[in-house]
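Notes for the one structure printed next.
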Amino acid sequence: MIQALGASNGIAIGKAFVLPNWEWELPEKKIDVADLAKEFERLYEGVRRSKSEIARMKSELDEAVGVQESSIFDAHIAILEDPVFMNEIQGIIQRQYKAAEVAVKEAIDHFVTMFDLLDDEYMKERAVDIKDVGNRLLKHLLGVPEISLPEDTQPFVLVVRELSPSQLIHLRPELVLGIVTMVGSPTSHAAIMARAFGIPLVMGAEGKLEAPIATGDLLIVDGGTGQLFLDPDPSTIEVYAGRRSRHLEQREKLRSLIAVPSLTPDGFTLQLASNISSIKELEASLDCGAEGVGLFRTEFLYMDRNHFPSEEEQFEVYRAAAEKLQGKPLIIRTLDIGGDKQLDYYEMPAEDNPFLGYRAIRFSLDRKDLFKTQLRAILRAAAYGDVQVMYPLIASVEEVREANAVLDQARRELEEQGIPHRSGIPAGIMIEVPAAVAIADLLAEEVAFFSIGTNDLIQFTLAVDRMNEKISHLYEPFHPAVIRMLANVVEAAKRRGIPVSVCGELAGDVLALPIWLGLGIEELSLSAQAILPVKECMLRTRSTDCRSVLEEMLRCRTAADIRRLAENFHASAMSCAGG
Ligand code: PEP
Ligand code: MG
């Protein structure tokens, strides 16, 4: 058994499909001068086949999930059409008489090393795309079926070194039983998306495997505990097959709670809204009984295409979301680009610390043209539902005022142009930077609501990179500093009388429920898969008990003590007879 990090609940049992890893070696193969023309023809044929394969995958995905999700493939085709890339390969064949596949590998290695050296998250993402395309081209040049993407409809467990949000977007969820990554951590956006799709995910297996996983190996993946079994014996398979069916049964049983109001036994309510990044995820969350959207991560609209979305394109998506919600609230977060979320078509500056850098509201306030376009689209969509706007990564009062000034300018423009919209929509902020916690009382006077983004707040409070699996044991949501921060924010919001919700991943952790109920938070915004498990827990949890356990937590000196309290509380609530 291999113990790695559990990142998305559920059990998968199936054959591995190992996404080709660029690190594999090719024998040095030379060609005869007389065969140069033939070698070029092999290369062009490989490129033709790769392009038509990509085009086919793109059109399949267009049909399955929509053009927006599939447009990553345009970037892949563009690489195959890029003269710099193709010249490099042709040059190696022509000058060094190397076989086409060796030339492709060398060219890709060259570009990938160059991009990796730049220490820039955007370029690293591009390196992933180049490897992807390169592997596909190699597959066609070598004619090795074992590295081809499974083309039949046999579901598989995907094994991949690292997983980017854009890679995940172009997987067909129905074919992916589970995912194992070598590096990465549970609060990365790829992990958040896997949870939204309900795909079991284990991360950070690097250095823990005795032998590399090969395509075709049988795997058991337990995304809850982070355990991984390679070529398990029949008795382990039986045990996990049992756990898997109990997990699925439990998930099915929870569906009976969809229409049940989210109320504690002593009559307190906590709205259960959802986090979405696309209309598809909105549909999935409505299917789980979401009472609104507490966080629409709009950056995914900007990703996987080759230009900034126009006002009209954004308006259509926001309006569709508002209409689907039929009057339930829709909180649209303005672009939170940067960090691990990059755009194919916009080169971010190279930064040593991208999570602390040019991102989110900082980017929007620097590019007010793009920001205003988004705000206009949001204001227009607000005519179709209860649409609210939220700014990410706010660290000062000045930023709120500056953002609101652009909102006001967008509203005035629409008014002058006679374009239908709704003015005066509530504008709130994410509380995800310790500075915002420290001045929560001041910020509360400037905004309509707070939404606590625990993913970033924990990483910044504890100085623990949320993407780094080596220190993921230090990423401790139950750290006393985090609990105190949460209490401070809620107190500031309550004193000013503004609503406060939680939209980080901690909101979906059932162990944290007594914190929210104890603090008197109004709303949680969760990934679709977390809504019903949290509701089930809430139906058995007395709010008054939460207040006393929270008081105890606030007196604790260590994270271990707080966690123990949370675990005991949860166990006793769930075992309560008649709950
Ligand atoms: C957060 O930081 O908690 C959050 C919800 O935003 P994101 O995960 O998109 O950074
Ligand atoms: Mg955040």
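The values are calculated or read from the model by the stated rules, or taken from the named source; none is laboratory data. Just so you know, these numbers come straight off a predicted model, no measurement behind them. Here Cβ is always computed from backbone atoms with ideal geometry, including for glycine, and neighbour counts include all displayed protein chains. Only protein heavy atoms, including side chains, enter the accessible area calculation; ligands, DNA and RNA are left aside. Shrake-Rupley method; radii C 1.70, N 1.55, O 1.52, S 1.80 Å.
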Can you compute the FRET efficiency between Lys15 and Arg412 using 1/(1 + (r/R0)^6), with r the Cβ-Cβ distance and R0 = 51 Å? Round to the nearest 0.05. 0.30
Past 24 Å, Cα to Cα: identify those pairs from Lys280/Lys470; Lys29/Lys139; Lys131/Lys280; Lys328/Lys535; Lys15/Lys139; Lys58/Lys372, in the order given. Lys280/Lys470; Lys131/Lys280; Lys58/Lys372
Distance between modelled label sites at Ser235 and Leu474, nm, 7 Å Cα→Cβ extension: 4.1
DSSP H segments from the chain that extend 20 Å or more along their own axis, Cα-based, with Kyte-Doolittle mean of 0.0 or above: 100-117, 480-496
Taking the dipole of the chain about the Cα centre (Lys, Arg +1; Asp, Glu -1; charges at Cβ), the one of Ala440, Leu301, Gly14 that reaches farthest to the positive side is Ala440
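Give the calculated FRET efficiency between Glu316 and Arg255 to the nearest 0.05, with a Förster radius of 30 Å applied to their Cβ-Cβ distance.
Result of the calculation: an efficiency of 0.45.
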Identify, among Ile179, Thr113, Phe569, the residue whose Cα sits farthest towards the positive end of the charge dipole of the chain, taking +1 on the Cβ of Lys and Arg and -1 on the Cβ of Asp and Glu, with the dipole about the Cα centre. Phe569
Extension reserve of the Met1-Arg401 stretch, reckoned as 0.36 nm per residue once the Cα distance is removed: 138.6 nm
Per residue, what accessible area does the chain have, given a 1.4 Å probe and all protein chains present, in Å²? 41
Given only helices, namely DSSP H runs of n ≥ 4 each adding -39500 (n - 2.57), what is the per-residue ellipticity at 222 nm of the chain, to the nearest 500 deg cm²/dmol? -15500 deg cm²/dmol
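Using the Cα centre as the reference, give the magnitude of the dipole from point charges on the C-beta atoms of the chain (Lys, Arg: +1; Asp, Glu: -1; all else neutral), rounded to the nearest 20 debye.
Values: 61 positive and 88 negative charges, 269 e Å.
Result for the chain is approximately 1280 debye, rounded to the nearest 20.
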Residue farthest toward the positive end of the dipole of the chain, with Cβ of Lys/Arg at +1 and Asp/Glu at -1: which of Tyr97, Pro232, Tyr346? Pro232
Between Ala463 and Arg362, Cβ-based FRET efficiency (R0 22 Å, step 0.05) works out to 0.65
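State the extension gain, in nm to one decimal, for the chain segment bounded by Cys556 and Ile77, taking 0.36 nm per residue of separation less the distance between their alpha-carbons.
Working it through step by step, the gained length comes to 166.9 nm.
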Sorted largest first, the C-alpha extents of the chain along its principal axes in whole angstrom are 83, 69, 40
Linear extension gain, Asp441 paired with Ala571, 0.36 nm per residue minus alpha-carbon span: 43.2 nm
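Quick one: putting +1 on the C-beta of Lys and Arg, -1 on the C-beta of Asp and Glu, what dipole do you get for the stretch 217-294 around its Cα centre, in Debye to the nearest 20?
Values: 7 positive and 12 negative charges, 44 e Å.
Dipole magnitude for the stretch 217-294 comes out near 220 debye.
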List every residue whose amide H lies under 5 Å from the amide H of Ser501, counting only residues 5 or more places away in sequence or on a different chain, with H placed 1.01 Å from N in the peptide plane. Phe450, Ser451, Ile452
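Of the peptides 506-518, 281-293, how do they stack up when ordered by the mean number of other Cβ atoms within 10 Å, highest first?
Result, highest mean Cβ count within 10 Å first: 506-518, 281-293.
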If you roll a 1.4 angstrom probe over the protein chains with everything in place, what fraction of the accessible area of the chain belongs to carbon and sulfur, to the nearest %? 52
